[in-house]
Amino acid sequence: MEVCDELRSFEATGVYRLNGTCTSAGATYLDPVRLLNASYQRFRIVPSAYYSRSFGPQHQEGEPEIERPEKRRKRKRNQKPKPRELNPMERIAEARHQEAKPLLLNAHESLVKAKHLLEYISKTIKGNEHTLDAGSGSENNFVELGTSWRAPFYEITICFRNPHVLGNEEGFFHAQKTSFPLFNSLISVEGTDEAEGEFRNRRYILPRGSCFLMADFKRVRDLIPCSPNQGYNLIVVDPPWENGCVRQKEVYPTLPNKNFLYLPVQQLAHPTGALLVLWITNREKLRAFVEKKLLPSWGVEDSTVFYWLKVKPDGSLIGDLDLFHHRPYECLLLGYINVNANAKKGSNFKLLERSQVIMSVPGAHSRKPPLEKYIPGPKPSRCIELFARELFPRWTSWGNEPLHFQDTMYFSEK
């Protein structure tokens, strides 16, 4: 009975507490698709579109296997890792990993023991494969379009469905189309239903109550509210950290780390205080920069590290936990802005006093699981995401491609 109740709760919320309540838990499993689908009435996110790394082509019985070049196979089989002494930065990173390892292992063990949950996860993910509808033409490259001289002239046409009320009963829906400048313009989706946007032969699903500003770094200060009381209680930042990997730069453009010092994070925070969530990589040089320079410049205090541990649909880790340069987890730092001693004692904020582990099946490249329901604090919160690549209801999203994952190819109608 208890197991059924837990799964029913998970089915409704997309959150499964593996070790008790949020305040004392060390591990939580999130279903990003279920969490996101709660934002939509007429549409649902296609699981195979979200979990693109889990739905790669598999070898079918009777089909010939793809042969790799013989030379490459020999070189890989005979190659032995060369022992190398770690440099000072790498030794610090390894020490951090060893400190976090028991917490990560205990969290993963609690997931492995939840057999009923793993059966449910595997069944729901693999049982919802769907052929993506790419629509007409290829996806729009908003980063490239935003730097074009034509950018000020591009418009998005948004179709709003407004209900007509007859007496005390809701009547038919009336569709109203309005065009807005796509770049450098704050666009809000008002109404009780999601809207649909049209741009260059592509359609986009816009959650109700969402707001976005598609602009580059030069326009980020346009987000600062006119009144301090319109500031945000939750600020999520997922920066495009500079990365020496060429493949990474091909996926999205990166920025020098020093640029993030000028983000107006403190001006975005509500005067009664805000919770900041910052995604970072496992590079020790970056971690040192964030802790010593970036967070102090933003006025962030009492930071706590959380871990996002990535698993496969069967619950196994996506990679070796001890693989130095490819850890199967990412870190996020959580801290507070403008929260004085009196506010900490009140009910407005619930301080995060210990590290926790979030587990989920990873989505497409750089797509992070939504955290609003998981992070403690008053609801509904005024929320904003910087460097966003998707929209959420009642959130403000800023970046040079916040519509990236809103393309209809990632959705199907309910």
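The values are calculated or read from the model by the stated rules, or taken from the named source; none is laboratory data. Fair warning: this is a prediction, and the values are worked out from it, not measured in the lab. We place every Cβ from the backbone using ideal geometry, glycine too, and count neighbours over all the protein chains shown. Surface areas here come from the heavy atoms of the whole protein model, side chains and all, with no ligands, DNA or RNA. Shrake-Rupley method; radii C 1.70, N 1.55, O 1.52, S 1.80 Å.
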Is it true that Leu323 is at pLDDT below 95, crowded, with 20+ Cβ neighbours inside 10 Å and part of a loop (DSSP other than H, G, I, E, B)?
no
Among the numbered criteria (1) out of contact with any Cys (no Cβ under 7 Å at 6 or more places or on another chain); (2) surrounded by 14 or more Cβ atoms within 10 Å (Cβ to Cβ), which single criterion is violated by Pro256?
(2)
Among the residues of the range 390-404, what is the count of those that are within 12 Å of the chain's Cα centre (by Cα) and surrounded by fewer than 23 Cβ atoms within 10 Å (Cβ to Cβ)?
1
Which residues, taken from the range 385-411, are touching a helix residue (DSSP H, G or I) at 6+ places or on another chain (Cβ under 9 Å) and of a type in the set (Ser, Thr, Tyr)?
Thr396, Tyr410
If a residue counts only when it is at pLDDT 75 or above and basic (Lys, Arg), which strands (runs of 3 or more DSSP E) contained entirely in the range 161-217 have at least 2 such residues?
202-206
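With the structure loaded, tell me whether Val236 is surrounded by 21 or more Cβ atoms within 10 Å (Cβ to Cβ) and either β-branched (Val, Ile, Thr) or in a loop (DSSP other than H, G, I, E, B) (or both) or whether it fails that test.
For Val236, the condition - surrounded by 21 or more Cβ atoms within 10 Å (Cβ to Cβ) and either β-branched (Val, Ile, Thr) or in a loop (DSSP other than H, G, I, E, B) (or both) - is met.
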I'd like to check something: does the range 93-105 contain any residue that is under 28 Å from Pro207 (Cα atoms), at pLDDT 85 or above and open to solvent by less than 20 Å² (accessible area, probe 1.4 Å)?
no
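Here is a yes/no grid of residues against (1) of a type in the set (A, V, I, L, M, F, W, C); (2) under 20 Å from the mean Cα position of the chain (by Cα):
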{"position": "Asp193", "(1), (2)": "no, no"}
{"position": "Arg200", "(1), (2)": "no, no"}
{"position": "Leu206", "(1), (2)": "yes, yes"}
{"position": "Asp216", "(1), (2)": "no, yes"}
{"position": "Pro225", "(1), (2)": "no, no"}
{"position": "Asp238", "(1), (2)": "no, yes"}
{"position": "Lys258", "(1), (2)": "no, no"}
{"position": "Pro264", "(1), (2)": "no, no"}
{"position": "Gly273", "(1), (2)": "no, no"}
Is the range 402-413 home to any residue that is more than 17 Å from Ile156 (Cβ to Cβ), polar (S, T, N, Q) and modelled with pLDDT of 85 or more?
yes
Testing Ala151 on (1) of a type in the set (A, V, I, L, M); (2) closer than 21 Å to Ile358 by Cβ; (3) modelled with pLDDT of 85 or more, one condition comes back false. Which one is that?
(2)
When you scan the range 284-298, how many residues do you find that are farther than 17 Å from Met89 by Cβ and open to solvent by 20 Å² or more (accessible area, probe 1.4 Å)?
2
